[in-house]
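A quick write-up on the structure given underneath.
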Amino acid sequence: MAGTAVRGRLTWQVATVAAVISETDSVRTIGLDVPDWAGHNAGQHLDVRLTAEDGYTAERSYSIATADGEPVAITVERLDDGEVSPYLTEELRLGDQLEVRGPIGRWFVWDSGDGEPLLLIAGGSGVVPLRAILRHRQLIGNHVPARLLYSSRTLEDIIYHSELDQYRDDAQVIYTLTRIQPPGWTGYAGRVDGAMLAEVAWPAGEQPLAFVCGPTSFVETVAGELVALGYPSGRVKTERFGGT
């Protein structure tokens, strides 16, 4: 889906902040009212443009946090040295306006017609588009087996924690905590590596489709380990992000 476009090109639209939800101490989900939004697919992203009073502009890309047919939302993690994320997570209020352009991207979109097992692997805020894919799968009543491996620094840093914990049966969510594990923790501890993936990932013989999102080093490591486990590179879709 292309959104509002002129001669095939996406155009900037004015969006109004319709909701602000605190996910963790440093992460906010921002719901947007975009009057001319033509729809999006889970896994796509959009651009945000902020303009200062002196005319200075800053643009950033954010994954869309919601499923096909749901209102547009983005989830933003505050980075202390970021130029845009501190404003979006600390200063933005209901009714404020900003410019958006999208939706953008087709490579990271899940085709619900693909009937093979779904493997989702997230590092930190890389969970955002994968959450959108899980929501889309649930909303359309798709029962393709799905498994999310989510790497987070601490339990408190898990984004969408209560929502993710509600998945059962053919959708499984597995956590690994890389820095601090609370007393009695029964999940994984440490960074995602080949040994962990050998236990968690669907066997390559089942022809699973993998989506990996997170910081560049995380994505490159995970993708490489999946290929080493026998996943064809064309069945490992990746998306990387940097500081904002």
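The values are calculated or read from the model by the stated rules, or taken from the named source; none is laboratory data. Given the structure is predicted, the values throughout are model-derived calculations rather than measurements. Every residue, glycine among them, receives a Cβ derived from its backbone with ideal geometry; neighbour counts consider all protein chains shown.
Are any residues in the range 194-244 part of a helix (DSSP H, G or I) and touching a Leu at 6+ places or on another chain (Cβ under 8 Å), and if so, which ones? Across the range 194-244, the qualifying residues are 194, 196, 197, 198, 200, 204, 222, 225, 226, 235. In the set (1) in a strand (DSSP E or B); (2) hydroxyl-bearing (Ser, Thr, Tyr); (3) in contact with a Lys or Arg (Cβ under 6 Å, 6 or more places away or on another chain), the condition left unmet by residue 63 is number (3). Looking only at the range 166-186, how many residues end up being within 21 Å of residue 221 (Cβ to Cβ), surrounded by 14 or more Cβ atoms within 10 Å (Cβ to Cβ) and not aliphatic (A, V, I, L, M)? Of the residues in that region, 4 qualify. Annotation: residue 159 fulfils all but one of (1) outside any loop (DSSP other than H, G, I, E, B); (2) within 14 Å of the chain's Cα centre (by Cα); (3) under 22 Å from residue 26 (Cβ atoms); the unmet one is (1). Of all residues in the range 104-124, those being surrounded by 24 or more Cβ atoms within 10 Å (Cβ to Cβ) and under 14 Å from the mean Cα position of the chain (by Cα) number 6. So if I check each of 191, 147, which one is at pLDDT 95 or above, assigned to a strand (DSSP E or B) and among the basic types (Lys, Arg)? Every option except 147 fails the conditions. Considering only the range 24-36, state which residues are of a type outside the set (Val, Ile, Thr) and either in contact (Cβ under 8 Å) with a residue 60 or more places away in the chain or outside the structural domain of residue 13 (by TED's automatic domain parsing) (or both). Once the filter is applied, which keeps residues that are of a type outside the set (Val, Ile, Thr) and either in contact (Cβ under 8 Å) with a residue 60 or more places away in the chain or outside the structural domain of residue 13 (by TED's automatic domain parsing) (or both), the range 24-36 yields 25, 26, 28, 32.
Pick from 116, 83: which is closer than 25 Å to residue 15 by Cα and in a loop (DSSP other than H, G, I, E, B)? Outline the logic, then answer.
On the way: 116 fails: closer than 25 Å to residue 15 by Cα.
Residue meeting the stated conditions: 83.
Residue 186 satisfies every condition listed in (1) in contact (Cβ under 8 Å) with a residue 24 or more places away in the chain; (2) closer than 28 Å to residue 28 by Cα except (1). Considering 73, 67, the condition of being assigned by TED's automatic domain parsing to the domain that holds residue 39, modelled with pLDDT of 95 or more and farther than 17 Å from residue 16 by Cα is satisfied by 67 alone.
Search the range 37-60 for residues being in a strand (DSSP E or B) and touching a residue at least 60 places away in the same chain (Cβ under 8 Å), and hand back the single one that is surrounded by the fewest Cβ atoms within 10 Å (Cβ to Cβ).
Start the filter on the range 37-60 by keeping residues that are in a strand (DSSP E or B), which leaves 45-51, 57-60.
Of the ones still in play, those that are also touching a residue at least 60 places away in the same chain (Cβ under 8 Å) are 45, 60.
Values: 45: 22, 60: 20.
Step by step, filter the range 37-60, then rank; the result is 60.
Does residue 9 fit the bill of being without any contact (Cβ under 8 Å) to a residue 40 or more places away in the chain and more than 24 Å from residue 152 (Cβ to Cβ)? For residue 9, the condition - without any contact (Cβ under 8 Å) to a residue 40 or more places away in the chain and more than 24 Å from residue 152 (Cβ to Cβ) - is met. Within the range 13-36, if we keep just the residues that are exposed (fewer than 15 other Cβ atoms within 10 Å of the Cβ) and in a loop (DSSP other than H, G, I, E, B), the residue that is modelled with the lowest pLDDT turns out to be 36.
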